[in-house]
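To start, the structure itself, in structure tokens.
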Amino acid sequence: MQRLSPLDVSFLHLERDIQQLNVGSALLFEGPPPTYDEFCTAIEVLLPAFPRYRQHVRRVPLDLGRPVWADDPHFRLRDHVGHRRLRAPGTDDALRTLAVRLISQPLDLDRPLWRSWLVTGLRGGRFALVNTNHHAMIDGISGADIIGVLLTASPETPATPPPRSPEWTPEPEPSPAHLVTDAVVELGSSPVRAVQGLAHALRPAALTESVAEVVGMARFGEQLAHLELGLNGPIGPQRDWRWVRASLDDVKAVKNHHGGTVNDVVLAAIAGGFRALLLSRGQRVDGRTLRSMVPVSTRHTDEHGTLGNRVSAVFADLPVGEADPLARLHAVSTQLHTLKTGGTALGVDALLGAADLLPGGLYALGVKAWAHSPQRIFSTVTTNVPGPQVPLYLLGRRMTDMYPYIPLGADLRITIGIASYAGGLAWGVTGDHDSVPDLEVLSDGIDDSVTELIALTPPSTRSEVRHA
């Protein structure tokens, strides 16, 4: 039995009928596809190494403590693994339409918080995997999921199928009395943990970081005072999803020649996409910026290899009022460098850490109140996840494309995930179906913007990257 972190609990409390906190992906493969039984068997043999996939969330009565992960005695693999077949001609557009509908379906919060579908009938003899996990689960297992282990760096598959796993026997579920007792004991230890935390903070090696956290919290507070208008507002239950692709080598050539990082080029292209969207709506963009929350890692050097995510955020003001693509890139690069070195991310992380000392009921009330309040702090989320740069295989079939899906949040009508894989870079653009009928304008604008930046980079630079 393991207690959820404050960040995990936040994702659960933010869940509403029209706001599903599911993180997903669509993975495309060369055929022929495996059978449904082969796919289920491949997952089944890995389950013992991933206990979270057979666990569900148990809430503490009266919210006296944060919920816990406990074995689900009713777990059945095939309740979580499905099979869909596309009708001919099985286009990528049809796959995307099916995938977003599957990913955005609310998960049963009383069951293990994941689902996966084998999708066949894709044009060209291809197939796909569509996966969804609740955000609380992804954080709880530090991003290590079964799909990441299913995919291998070699096309070779065993000549014989692996042996079936021993029969699984779930641990007894904790009783309500046990949950309450355990929560009360932990609540009583909060003052002790606070004293221990103070002693740790007084170490000379920690004083510098503590000062940075205080400065960061102040800067974070300053950013909260900025109200971003225009793209925020109520959302409906349905989602739209668009894909954009680019060559990672070309993007690296842009940053090598013009300065900055790959993430800076990605955000500059997104700024260009939002500029196109706002202009198409007849909105004024001169001198305007659009605020994005950008998740960043705050893991310490001595925490390498430990479980649990250390994720915070900075708030980047994307220069949508800048018409010149290179000027947008330079503005983004300068700003991101300042944000990363200015302590803002540490300030947000410190606030999340302080939540660990709050009673479960008080924390739950705070998150629920925030979830039902209008949110005008930022207008989108853009998260970039570097992926493997070697081809990966599922049961001997090569994965060709990987598209991320990021859920919408409180009053957030658009979110964007970026993933790199085997020399490619992919944007997954999520939008509210009811309030963003023109999501394609944004995705086309991102495509046009990254194409402009590549065109402004000498071909010789791009060749050098490819042959490096």
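All of the numbers you see were taken from the coordinates with simple rules; none came from a lab. For clarity, every value in this text was computed on a predicted model and none was experimentally measured. Using ideal geometry, Cβ is built from the backbone for each residue, glycine included, and neighbour counts are taken over all protein chains shown.
Between residue 62 and residue 460, the C-beta separation translates, for a Förster distance of 56 Å, into a calculated FRET efficiency of about 0.25. By definition, a body whose alpha carbon gyration tensor gives a ≥ b ≥ c is prolate when a/c is 1.5 or more and a/b is larger than b/c, and region 44-146 fits this prolate description.
Measuring from a point 7 Å past the Cα of residue 438 along Cα-to-C-beta, which residues in region 265-281 have an amide N at less than 14 Å? Of the residues in region 265-281, 273-281 have backbone N under 14 Å from the label point off residue 438. With R₀ set to 30 Å, the beta-carbon distance separating residue 2 from residue 286 gives a calculated FRET efficiency near 0.05. Let a ≥ b ≥ c be the square roots of the eigenvalues of the Cα gyration tensor of region 1-96; is it rounded (a/c under 1.5), or, if not, prolate (a/b larger than b/c) or oblate? Judged from the Cα gyration tensor, region 1-96 comes out oblate (a/c at least 1.5, b/c at or above a/b). Here each label is just a point 7 Å from Cα along the line to Cβ, and for residue 123 and residue 184 those points are 6.5 nm apart. Starting from the Cα of residue 257, move 7 Å in the Cα-to-Cβ direction to define the label point; list residues of region 433-463 whose amide nitrogen is under 19 Å from there. Zone members listed by number: 447-463.
A P(r) calculated from all alpha carbon pairs of region 74-122, with 10 Å bins opening at zero, reads 23, 48, 23, 6 percent.
Provide the FRET efficiency to the nearest 0.05 for the residue 175-residue 37 pair, computing r from the beta carbons and using R0 = 30 Å. About 0.20, to the nearest 0.05.
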